[in-house]
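See below for the structure under consideration.
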């Protein structure tokens with residue numbers, strides 16, 4: 001390397017961004033595939049409650065979450081430009097694969113948490129079933145139980 005070759009910090013911003021995009025953008029697809037796998041695993045494990053996610057409004061919400069996940073992926077560019085002066089020109093910094101792996105693990109954990117803690121409770125409790133199979137058992141409300149007990153005792 002000659003003394004006159006520009007370091008990443010001295011390269012024009014457009015060139016630095018292009019170099020960063022050449023590294024990060026091909027890895028966006030595996031990132032999204034990992035998040036999709038986490039979502040599908042959650043969907044299968046939460047069945048039959050997760051069936052409600054197939055409603056149009058719920059699918060729109062999941063699409064919004066996917067867009068937010070990709071926005072979070074783009075924060076790698078902020079780290080890239082913060083640490084770019086530490087990398088030699090024309091080399092891939094050693095921290096990039098570590099940052100990618102940590103980002104994927106964090107994204108997967110965050111997706112799983114969001115699905116379990118935020119989406120699943122919104123779906124409501126699974127239908128109660130009789131011990132014999134898939135037929136929902138009758139569920140009485142507390143008010144109707146009190147009403148029937150007062151009638152039985154003869155109170156008015």
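Only the coordinates and a few stated rules stand behind these numbers; no lab work does. Predicted, not measured: the structure shown is a model, and the values here were computed from it. Here Cβ is always computed from backbone atoms with ideal geometry, including for glycine, and neighbour counts include all displayed protein chains.
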Inter-probe distance in nm under a simple model that places probes 7 Å from Cα toward Cβ, at residue 60 and residue 81: 3.4 nm
Ordered by fewest other Cβ atoms within 10 Å, a rough proxy for footprinting exposure, 24, 95 read 95, 24
Which of the three applies to the stretch 13-126, rounded, prolate or oblate, going by the alpha-carbon gyration tensor with a ≥ b ≥ c and a/c under 1.5 meaning rounded? prolate
With 10 angstrom as the radius, rank 50, 74 by how many other C-beta atoms surround their C-beta, starting from the fewest. 74, 50
Note on the stretch 13-126: contact order normalised by length, alpha-carbon pairs under 8 Å, 6 or more apart, percent, works out to 50 percent
